[in-house]
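Scroll down for the structure; my scribbles are underneath it.
None of the figures in this text is laboratory data; all of them are computed from the coordinates on show. Bear in mind the structure is a predicted one, so any value in this text is a computation, not a measurement. Counting neighbours? That spans all protein chains shown, and the Cβs are built from the backbone with ideal geometry, glycine included.
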Amino acid sequence: MTLTSLREHVAGPVVEPVARPRLRVRGRFAILRLIASGVVIAIMADSTATMLAIPVLSRDPIAAALPMAEVTWVSTVNFAAVAALLATAGRFADLLGRRNVLALGLALYGLGAAAVIATTSWPLLLGGRAAQGIGAALMFPASLALLLGELPANRRAGAIALWSASSGIGALALQGAGGLLVESYGWRGLFLPSAGLAAALLMLTPALPRSRGTDRRVPDVLGTVLLVGAIAAAVLAMSQGGAWGWTSTRTLGCAAAAAVLLAGAVTKSWRHAAGAIDMRLWRRPGFLWAGGASLLYGAASFVVLAMGPLYLRSSGFDPVSIGLWLAPVSIAMIVSSPLAMLAGRRIGLNAVIYAGALLLGGGCALMLAYPQPNVLSVIAALMLGSGFGALSTGTFAVGTMAAHPTQYASAVGAINTARMLGGAIGVAGASALVDQPLLDGPMPGFASVLVACMAAAVLLGTAALVRVAGTPRRRPARMSRREAEEELIMLRRLLAELRDSFVQVRDEAEEELARFGAREPLTYRAVNQR
């Protein structure tokens, strides 16, 4: 045997294939993190762009003849589509495959953004915004579920922190570049970044690992339609109640329809094997708490972000100062999200939620006590952003970690649906308080809103503190025979997928060896002989 053949005999099949799969796995994790973060950045950038575009859009020939109440439908249509489909999209991503749902969502989102940019008519603009909302609802839970499903358990907390921090990056980017985009391209320019980012992420999706559905049962189509209709009707009633009148026929009709449709969706989900609502998910310990905390967090955060700029404008801030005030909120959220997860490992996630509620309430109190522009306004902004980062990271972490790995997309969709419903309730209540304030004095409406946000923060903080202190633990109920069989079936499926993954890695290693000139493929027989 020559020296060259001896080197190939020893180094080829043993040394070379060990490093290659590791590099491939690291690259796959990097792409997963990139896509998951990019999805959140695109959605938050689009949300910020909508807020900045509405005042400019009202002067465009497309919407110049419309009252401001109708111009705001640019935001309402998108918000309603996202809120209505999030829970269903997460459920379908778990059932049908997360990569497929993510790719479909990115395609719809990108096409919707392109329609918004190129539109010359009001109906096409609304259609594009609706398509963006549907796409965002599809890709939002699927992206994080893909990331959590592929990462080892000890890295999932960090992934949630990165994912939460990305929302602040998207908002900050549009706040900084929004003025330049409007000056260069008009209001359409505000949607260029999200459209380009969606196209880039869509081109990266083939590099993601294949994700098959975790359940072969046929989804409940009727229950899905009922759930989507219920959430959409509820969002419309809350977002348009102020314009329609809270006792008007349309508002009450939407509220009644939401109640009836939701009851039908819950009933169908109880009876269907693959219902639109994963009832097993809501029975898991801690998930109901995460949903309730997200509801309160959304009620306070959406109100602060929507009413804060108006409050500052009424307090004497000029547009530049308002932009400077918003920037610390986003920066603090970016920084506080990973710090919140690090703190959660030491003091627990419930303590992180308590700290976030404390910061949120303190920021609202500081704004209420010192409404005039000064250094304390910046401190209030930093407190609010830190509270948002801690609450976003804490509630998402509690919800996703309470879920089974096969329910990650459903958990993300349900948690974020609760947050958006809380936001709709909060904005509707804030609009009513501005019109009919509970307090007297200067700017009584905005002051009443801030007090209500403080009350929501106190309620959330108190609930978190109770959980931190600890409640008597109940002994877990005995698992029924049917539940035990389902757990065994699920375990067999996961083991089968793990086996397939090892086989795939082995096949890829054989291909690499053949490519680099190995004389025989790396098979189990070859390894044993050597």
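By how many nm would the segment from ARG155 to LEU342 lengthen if fully extended, with 0.36 nm per residue of separation less the alpha-carbon distance? Each step should come with its number before you reach the end.
Details: separation 187, 0.36 × 187 = 67.32 nm, distance 1.17 nm.
Stretched out fully, the ARG155 to LEU342 stretch lengthens by 66.1 nm.
On a full-extension model of 0.36 nm per residue, what is the gain between THR267 and SER314, subtracting their alpha-carbon distance, rounded to one decimal in nm? Walk me through the intermediate numbers first.
Working: separation 47, 0.36 × 47 = 16.92 nm, distance 4.76 nm.
So the extension gain works out to 12.2 nm.
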Quiz item: Mind checking the log10 I(q)/I(0) for the stretch 260-301 at q = 0.25, 0.27, 0.34 Å⁻¹? Debye, one equal scatterer per Cα, no solvent, two decimals.
Solution: -0.87, -0.89, -0.99
Quiz item: Along its principal axes, what span do the Cα atoms of the stretch 99-249 show, with the longest given first and each in whole Å?
Solution: 47, 43, 27
Quiz item: Which number do you get for Rg(Cα) / (2.2 N^0.38 Å) in the stretch 54-168?
Solution: 1.26
Practice problem: Tell me, rounded to the nearest percent, the portion of alpha carbon pairs in the stretch 35-96 spaced more than 18 Å apart. | Solution: 51
Quiz item: If R0 is 56 Å, what FRET efficiency do you get for ALA30 and THR247 from their C-beta distance, rounded to 0.05?
Solution: 0.55
Quiz item: Measuring from label point to label point, each 7 Å out along Cα→Cβ, what is the ALA256 to TYR185 span in nm?
Solution: 4.6
Quiz prompt | Separation of the LEU222 and ASP60 label points, Cα + 7 Å toward Cβ, nm | solution = 4.2
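Please give the length that would be gained between VAL466 and ARG284 if that part of the chain were fully extended, namely 0.36 nm times their separation in residues minus their C-alpha to C-alpha distance (nm, one decimal). Walk me through the numbers on the way to the answer.
Values: separation 182, 0.36 × 182 = 65.52 nm, distance 1.92 nm.
So the extension gain works out to 63.6 nm.
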Practice problem: Using the Karplus curve 6.51 cos²θ - 1.76 cosθ + 1.60 with θ = phi - 60°, work out ³J(HN,Hα) for each residue of the stretch 74-91 in order, rounded to whole Hz, and write x for Gly and Pro. | Solution: 4, 8, 5, 4, 5, 4, 5, 5, 5, 5, 6, 9, 4, 5, 5, 5, x, 5
